[in-house]
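In what follows, a structure is listed as structure tokens, so that the remarks can point back to it.
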Amino acid sequence: MASSPLFSMSTMKRDSFVMKTITSNKEFKFNVSNPFDKLPVTSPTLLLTGENSLKWGQNESLLRNQMQCCAVEVKNMPRYTMGKKFELDDVIEAQQFDRETLNAIFEVAKEMENIEKNSPGSQILKGYLMATLFYEPSTRTRLSFESAMKRLGGEVLTTENAQEFSSAAKGETLEDTIRTVEGYSDIIVMRHFESGAAKRAAATAGIPIINAGDGPGQHPTQALLDVYTIEREIRKLDGIRVGLVGDLANGRTVRSLAYLLAKYQDVKIYFVSPDIVKMKDDIKDYITSRGVEWEESGDLMEVASKCDVVYQTRIQRERFGERIDLYEEARGKYIVDENVLKVMQKHAVVMHPLPRLDEVTVNVDADPRAAYFRQAKNGLYIRMALLKLLLVGW
């Protein structure tokens with residue numbers, strides 16, 4: 001907070017603040033609701049304003065004007081101030097975030113982008129250790145978290161295939177693994193094949209847990225980087241039209257993204273998927289309760305022509321088990337190719353959480369509306385921001 005010409009700010013509390021006179025170092029406490037309740041208008045203490053000195057009683061009007069300015073600053077002080085503790089202990093699901101928190105995280109992400117580009121060797125997280133505990137394969141999520149930690153000066157302990165190459169293969173419970181790993185690290189980033197596993201880990205651990213994907217459940221950090229990417233690409237989040245395409249039943253990315261899009265005004269979501277992998281009712285019920293308009297469609301071309309964002313996802317073979325026939329039935333039905341690009345608006349973008357198979361053709365990559373690799377890069381900045389916030393605060 002900026003200092004008044006008459007005072008310097010000493011301390012700030014929830015309902016009050018303390019200010020010191022510049023010359024006498026005398027302190028006065030004020031309530032935020034009424035900063036004038038202890039204004040000492042008769043004190044002979046000398047104050048400095050530029051090169052002129054005056055007494056409290058000599059220029060009460062000036063003093064009150066200065067105090068009024070300070071009161072306005074205190075009243076309008078941001079909810080998120082430097083050094084303040086991040087209000088979340090863990091990042092488990094998209095519903096944890098309100099719109100104000102999202103906007104604040106995105107501002108930190110922009111700061112992290114500046115650090116990554118202009119300030120190599122940052123030591124913000126020096127002395128901290130992050131454990132990545134991945135029970136399912138990952139490229140972008142695991143490497144972006146590890147890169148984020150190292151770019152901020154922290155260190156990494158990693159287990160890539162924890163289901164096979166950790167004590168889980170011997171039958172160790174998730175809870176026992178978490179209790180053990182938290183003894184070696186300051187924060188755990190976990191991907192698991194079971195929906196709800198991240199909640200179990202967070203209930204067990206005494207250090208922050210970040211959900212890097214829990215089966216067909218949620219992937220909150222992917223949703224954060226997706227919304228951040230939409231804002232960067234489209235320049236707005238209110239009033240947008242988004243087409244979610246592909247495996248909507250098993251896609252944790254689209255589930256989490258739908259939760260976050262519901263935070264914004266006048267959003268419409270189109271669900272485009274084969275019948276076997278339609279969006280589940282819990283998401284439809286949630287976004288309906290938040291006033292989000294949605295529509296199911298089987299016509300990708302029509303939806304693409306209306307949308308600001310076409311968010312394509314792959315059909316996830318690993319979620320079909322032995323029913324390969326159902327996978328083959330769903331795969332390849334909706335493909336983003338040059339024909340889809342032709343009907344899309346000029347400002348619209350194609351996004352994809354990656355990896356892709358053939359649901360976005362390679363010749364789409366050269367089009368400036370193909371945002372998926374920029375999207376992946378934004379994951380670094382969002383994850384740098386989350387690590388910084390969970391470990392050292394705002």
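The values are calculated or read from the model by the stated rules, or taken from the named source; none is laboratory data. Computed from a predicted model, the values in this text were never measured in an experiment. Backbone-built Cβ (ideal geometry, glycine too); neighbour counts: all protein chains shown. Accessible surface is based on the protein model in full, side chains and every heavy atom, while ligands, DNA and RNA are left aside. Shrake-Rupley method; radii C 1.70, N 1.55, O 1.52, S 1.80 Å.
For the reader, a short list of remarks on this structure follows.
- Gain in span if fully extended, residue 176 to residue 392, counting 0.36 nm per residue against the direct Cα distance: 75.1 nm
- FRET efficiency for the pair residue 278 and residue 195, taken as 1/(1 + (r/R0)^6) with r the Cβ-Cβ distance and R0 = 22 Å, rounds to 0.80.
- Label-reachable residues, segment 100-138, where backbone N falls under 11 Å from a point 7 Å from residue 155's Cα toward its Cβ: 127-130
- If you wrap segment 184-249 in the convex hull of its Cα atoms and look at it from every side, the mean projected area works out to 6.2 nm².
- Of all DSSP beta bridges in segment 154-296, antiparallel share, percent nearest 5: 0
- Using a simple spin-label model with pseudo-atoms 7 Å out from Cα toward Cβ, residue 123 and residue 346 lie 5.0 nm apart.
- Sites residue 302 and residue 337, calculated FRET efficiency, Cβ-Cβ separation with R0 22 Å, nearest 0.05: 0.90
- Over 21 Å between alpha carbons, listed pairs 150/377; 117/150; 199/377; 110/150; 84/110: 199/377
- Listed values for segment 261-269 are Karplus-derived 3J(HN,Hα) couplings in whole Hz (6.51 cos²θ - 1.76 cosθ + 1.60, θ = phi - 60°), namely 4, 5, 6, 10, 8, 6, 9, 10, 10, and x replaces Gly and Pro.
- For segment 116-218, the share of DSSP beta bridges that are antiparallel, to the nearest 5, is 0%.
- FRET efficiency, 1/(1 + (r/R0)^6) with R0 35 Å, evaluated for residue 89 and residue 290 via beta carbons: 0.90
- Taking all Cα pairs closer than 8 Å and separated by 6 or more residues, the relative contact order of segment 116-218 comes to 28 percent.
- At full extension, residue 98 and residue 365 could sit 92.8 nm farther apart than now, given 0.36 nm per residue minus the alpha carbon distance.
- Counting only protein heavy atoms and a 1.4 Å probe, segment 116-218 has 46 square angstrom of accessible area per residue.
- Shape of segment 116-218 from the C-alpha gyration tensor: prolate (a/c of 1.5 or more and a/b above b/c, with a ≥ b ≥ c the square roots of its eigenvalues).
- Segment 251-394: relative contact order as a whole-number percent, Cα under 8 Å and 6+ apart: 20
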